[in-house]
Amino acid sequence: MTSAALDPDVLISWFDATARDLPWRRPECTPWGVLVSEIMLQQTPVARVEPVWHEWLRRWPTPSALAAASQAEVLRAWGKLGYPRRALRLHAAATAIAEHHGDAVPSDVDTLLALPGIGAYTARAVAAFAYGRRCPVVDTNVRRVVARAVHGAGDAGPPSTTRDLADVEALLPADEADAARYSAAVMELGQVVCTARSPRCVDCPVLDGCAWHRNGRPAYNGPAKPVQKFAGTDRQVRGLLLDVLRDSSGPVVRARLDAVWADAGQRDRCLDSLLVDGLVEQTDDGRFALPGDH
C-alpha cells in the first residue's frame, strides 16, 4: 500500500488551515485534558462534549482531583453524555494515574493500555495527540477514509485491529510530530468531509488521489452495519433510572424508579444490569442510590 492517496504534506497543510478550534487541541491543554476528551468523545458528538469537558477540567484539573471525588459525584457530573460506565472507567484510570504515575498521564502506549478502562484506540490517541508520538490512531472515521482513499471501497468492512493498525501505520510519516499531526488530520477529514452518508468530495484536499472517487464512488456492498436505535431500548431505560438517582440527594425507594418505565420486566432487567455494572447500589434497607451515595 502506498500513501500517495493520502499525501501527508497535503493533509497536514489542509488540517493546519481548516481544523476546528477544539479546546483539547490547543497547546495549553494538558495530557489529562486530552485523556478526558478522548473518553467523553467516544460515541458522543463534540457539541455535547465540549461544555461538560470544560466543567470537568475546571472541577478536576488533575487525575488526583478526580480520584478524590466519589463515584456518585462523577456520575452526576457526567450528566447526559450517555454510556455512563465511561465515567467510572475514567475515575478508575485517574486513581491509577494518581497512585502509580505521579499524577502524570503516561506517554507511551503500553503504559496507557495498562490503565483500567483504557483501550487500544484511547491509548494511541493520547500518545499521539497529547505527546506527539508516532503511532497509528484508528477510529471509525479513519477506517472509512482509508477504505475509500486507499482501497477504493465505499466504506470499511468489519473492524480488524491488526489489519486496521497496519493499514494506518503504513501511511504515517517517519517524523514523530508529523505523524501525530497527520493522525489528527486523517481523523478530521473523516469527521467533517469524508462522512459516512454525505461525503463532501468537492471539499476534499486529497480528491485527486482517492481510489474511491477514481472508481466512480461505488456503493458499499459489505456486511450490513447494525443501526443504533435508542427509543424503547435498554439504554433509554437505564438512562431514565439513572436520571432519578442523579437528581436525588440520596437513596430513593423502589417506587420512584418503578414510575419511570411501564414495562416491569424491562425495567427490572435494566436495574439489575445497573447494579451489576456498579452504576447503582442497593442499601441495607432496600433503597437505591448512586455508588457511595448513601
Point to revise | Selected residue (only one of Gly152, Gly102 is closer than 27 Å to Val10 by Cβ, over 19 Å from the mean Cα position of the chain (by Cα) and either surrounded by fewer than 19 Cβ atoms within 10 Å (Cβ to Cβ) or in contact (Cβ under 8 Å) with a residue 12 or more places away in the chain (or both)) | key: Gly152
Review point. Only one of (1) assigned to a helix (DSSP H, G or I); (2) more than 14 Å from the chain's Cα centre (by Cα); (3) of a type in the set (S, T, N, Q) is not met by Ser107, so which one is it?
Key: (1)
Check your understanding: Could you count how many residues in segment 123-156 are under 19 Å from Ala19 (Cα atoms), part of a loop (DSSP other than H, G, I, E, B) and of a type in the set (D, E, K, R)?
Key -> 1
Exercise for review: Would you be able to say whether some residue in segment 128-136 is buried (at least 21 other Cβ atoms within 10 Å of the Cβ), over 20 Å from Tyr220 (Cα atoms), modelled with pLDDT of 95 or more and hydroxyl-bearing (Ser, Thr, Tyr)?
Suggested key: no
Check your understanding: Is there a residue in segment 163-173 that is touching a Pro at 6+ places or on another chain (Cβ under 8 Å), buried (at least 16 other Cβ atoms within 10 Å of the Cβ), among the β-branched types (Val, Ile, Thr) and assigned to a helix (DSSP H, G or I)?
Key -> yes
Check your understanding: Which pairs have Cβ atoms under 9 Å, sit 6 or more apart or on different chains, and link a residue in segment 129-141 that is at positive phi to one that is modelled with pLDDT of 95 or more and crowded, with 19+ Cβ neighbours inside 10 Å?
Key -> Gly132/Ala179; Gly132/Ala180; Gly132/Arg181
Review point. If you go through segment 47-62 one residue at a time, do you hit one that is part of a helix (DSSP H, G or I) and either in contact with a Cys (Cβ under 7 Å, 6 or more places away or on another chain) or in the same structural domain as Glu169 (by TED's automatic domain parsing) (or both)?
Key: no
Exercise for review: Residue by residue through segment 155-194, note down the ones that are of a type in the set (Ser, Thr, Tyr) and touching a residue at least 12 places away in the same chain (Cβ under 8 Å).
Suggested key: Thr161, Tyr182, Ser183
**Study point:** Yes/no for Pro8 being modelled with pLDDT of 95 or more and surrounded by fewer than 15 Cβ atoms within 10 Å (Cβ to Cβ)
**Key:** no
Check your understanding: Which one of the conditions (1) over 26 Å from Asp293 (Cβ atoms); (2) out of contact with any helix residue (DSSP H, G or I) (no Cβ under 8 Å at 6 or more places or on another chain); (3) in contact (Cβ under 8 Å) with a residue 24 or more places away in the chain does Ser198 fail to meet, given that it meets all the rest?
Key -> (3)
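The values are calculated or read from the model by the stated rules, or taken from the named source; none is laboratory data. Keep in mind that this is a model prediction, so the values were computed, not measured. Cβ coordinates were reconstructed from backbone atoms using ideal geometry, including for glycine residues, and neighbour counts include every protein chain displayed.
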